[in-house]
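Asker: Starting off with a structure, shown below.
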């Protein structure tokens, strides 16, 4: 019942048969999914699964070799630079290390998009910056330089900057990576608060299971460039798919496939790489 | 067999390297073109100029370089005076020391030494700054905020360098002449006034303008190479070091090459 009300509106992001390659190596092999309005979609995956490539493609940093990526009615795979700019002003991205500009203070970092894209007065911008910083719990830190912040604070500042233009979609790249459990829990709580306060749609790429199950409405598991499972978190939690179970139950990769490949690995001539 | 293969592979390598160099020149030209469009066309289209950032860059590139440039130019002027006096003394023509210093400094060494100093200070700084921003995903962050990295990072540098490097060159020319003057008064029988008079008569306006044109071109080369190497940085701290080194070395080579081309050009167009 609740599902159908949300489903009736068009999805905010629509990915169809997406293929992305780095040079000759194809990373994503024809992925399709949707992000519905107002939901938090968590993209789970191991290292090398292609989840970072997927995020980079969604925000327009990589061009797909095939397929379509529809964000708010624009196919960003084929959009002109000015169309892409218009979409980017409505989207906020929080990068893995924060990616705050080291030469600007926290306040100046958050103010940057407002300063460049709007004609608001400096005093208005300052107030808006303070609002965003307060929202992420960094109310008194607007004069600090990014190098003076801890890891968790940098991530919070990055979220504040992503929120500066009141985006309709937020992307998070590994928001809890490298943080201790308490700080990570703080970031998770922040993400849930944002969903309540702003009704934004969010795509969170992570491999932290605890965070994922806490914040997700729907989840999607990527493995080796393909979607292995997609559904609500309840559906994934009870899935019988072996790759899903391996990921969720934290089962390590088997060490040796068979004796022949083991011998081959030991005795073959390795080419030296530059 | 191996030796024969290596020899026959040489033309291929040469061709490959030539094509790579042309591709590199193309990338530099694209950077210059995009920056020029941002710096000069965009204001007419109603987009904002990043004047504060340009000013900040100009301070770093120009004003803070004055102490180094002054000292080095002073010493170079002194060196040129000493070297020319060494020969002129044997010919009993010490009165030409001032002219020798003036011409060599204003036409060649002023622009060139200034360019080398700016490469060491600013060319490396551009590569390191942009390279580090690439490694920390700050360049990606700029793109996702609809702020073009070239417009935001590179165009202010170009504008600042185009203004500041010729100014530094003029200052270097002056300090070089002063360095020569020091020797002229102390060891070549000039007075301060007679040295300056000799300098003035030795110089043509053409000498000064060719020096300034060269310095403007040098500034373009230094900025383009520094920024291009910064953007081409791979992942990790080691890459930043590598691209900074590459920026300095390639800039020096580029500057000398431009110097050769334009000195030859000025020679052949002014033989009359």
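Throughout, read-outs are computed from the coordinates displayed, never taken from laboratory work. Quick caveat, the model's predicted, so the values are computed rather than measured. With ideal geometry, Cβ positions are generated from the backbone for all residues, glycine too; neighbour counts draw on all protein chains shown.
Asker: Obtain the nm distance between the two label points defined at residue A:66 and residue B:182 by a simple spin-label model: each point lies 7 Å from its Cα along the Cα-to-C-beta direction.
Answerer: Each label point lies 7 Å from its Cα, and together they span 7.1 nm.
Asker: If contacts are Cα pairs under 8 angstrom and at least 6 residues apart, what is the relative contact order of chain B in percent?
Answerer: Relative contact order comes out at 30 percent.
Asker: Oh, and also: What is the ratio of the Cα radius of gyration of region A:96-215 to 2.2 N^0.38 Å, where N is its residue count, to two decimals?
Answerer: This ratio for region A:96-215 stands at 1.02.
Asker: Sticking with this one: Per-residue ellipticity at 222 nm for the protein assembly as shown, helices alone: DSSP H runs ≥ 4 residues times -39500 (n - 2.57), over residue total, nearest 500 deg cm²/dmol? Could the numbers behind the result be given before it?
Answerer: Details: 22 runs with 319 residues, N = 546.
Calculated at 222 nm, the ellipticity per residue is -19000 deg cm²/dmol.
Asker: Going 7 Å from the Cα of residue B:257 along its beta-carbon direction, which residues of region B:198-220 have the amide nitrogen within less than 18 Å of the resulting point?
Answerer: Answer for region B:198-220: B:214-220.
Asker: Any idea how far apart residue A:238 and residue A:47 come out in nm if each label point goes 7 Å out from Cα toward Cβ?
Answerer: Each label point lies 7 Å from its Cα, and together they span 3.5 nm.
Asker: Let me ask another. Bin width 10 Å, origin at 0, all Cα-Cα pairs of chain B: what percent of pairs per bin?
Answerer: Values per bin, smallest distances first: 7, 24, 28, 20, 13, 6, 1, 0.
Asker: Something else now. What angle, in degrees between 0 and 90 and rounded to the nearest 10, separates the Cα long axis of helix A:106-117 from the longest principal axis of the Cα atoms of chain A?
Answerer: The angle comes out at about 80 degrees.
Asker: Something else: How far is helix A:122-135 tilted, in degrees, relative to the longest principal axis of the Cα atoms in chain A, given as a value from 0 to 90 rounded to the nearest 10?
Answerer: 50 degrees
Asker: Here's something else I'd like to know. Helix B:192-202 against the longest principal axis of chain B: what's the angle in degrees, Cα atoms only, rounded to the nearest 10?
Answerer: It works out to around 60 degrees.
Asker: So, R0 is 25 Å and r is the distance between the beta-carbons of residue A:75 and residue A:166; what FRET efficiency does that work out to, to 0.05? Could the numbers behind the result be given before it?
Answerer: On the way: r = 24 Å, r/R0 = 0.95.
Once rounded, the FRET efficiency stands at 0.55.
Asker: Could you tell me the distance between the Cα centroids of region A:91-145 and region B:200-264, to the nearest Å?
Answerer: For region A:91-145 versus region B:200-264, the Cα centre distance is 36 Å.
Asker: At residue A:177 and residue B:235, where each label point lies 7 Å from the Cα along Cα→Cβ, what is the point-to-point distance in nanometres?
Answerer: Taking the simple label geometry, residue A:177 and residue B:235 are separated by 0.8 nm.
Asker: For region A:168-274, what's the relative contact order in percent, using C-alpha pairs closer than 8 Å and at least 6 residues apart?
Answerer: Numbers: 88 pairs, mean separation 20.1, N = 107.
About 19 percent, as a whole number.
Asker: Can you tell me the FRET efficiency between residue A:210 and residue B:66 if r is taken as the Cβ-Cβ distance and R0 is 51 Å, rounded to the nearest 0.05? Walk me through the numbers on the way to the answer.
Answerer: On the way: r = 57 Å, r/R0 = 1.12.
The computed FRET efficiency comes out at 0.35.
Asker: Nearest-5 percent of antiparallel DSSP beta bridges in chain A?
Answerer: On the way: 21 of 40 bridges.
Counting only bridges with both partners in chain A, antiparallel ones make up about 50 percent.
Asker: Taking every DSSP beta bridge that has both residues in the protein assembly as shown, what percent is antiparallel when rounded to the nearest 5? Mind showing how you got there, number by number?
Answerer: Numbers: 21 of 40 bridges.
Roughly 50 percent of the beta bridges in the protein assembly as shown run antiparallel, per DSSP.
Asker: Using the 10 angstrom Cβ neighbour count as an exposure proxy, how do A:193, A:249 rank, fewest first?
Answerer: On the way: A:193 13, A:249 8.
The order, fewest Cβ neighbours first, is A:249, A:193.
Asker: What relative contact order, as a whole-number percentage, does chain A give when Cα pairs under 8 Å and 6 or more residues apart are counted?
Answerer: Details: 459 pairs, mean separation 62.7, N = 274.
Answer for chain A is 23 percent.
Asker: If Rh is defined by the Kirkwood formula over all Cα pairs and Rg also comes from Cα, what ratio Rg/Rh do you get for the protein assembly as shown?
Answerer: Working: Rg = 30.1 Å, Rh = 27.5 Å.
Over the Cα atoms of the protein assembly as shown, Rg/Rh equals 1.09.
Asker: GNM, chain B, Cα, under 10 Å: largest mean-square fluctuation among B:95, B:228, B:52?
Answerer: Top of the fluctuation ranking is B:52.
Asker: Principal axis extents for chain A, Cα atoms only, whole Å, descending order, please.
Answerer: Projected onto its principal axes, the Cα set of chain A covers 70, 45, 38 Å.
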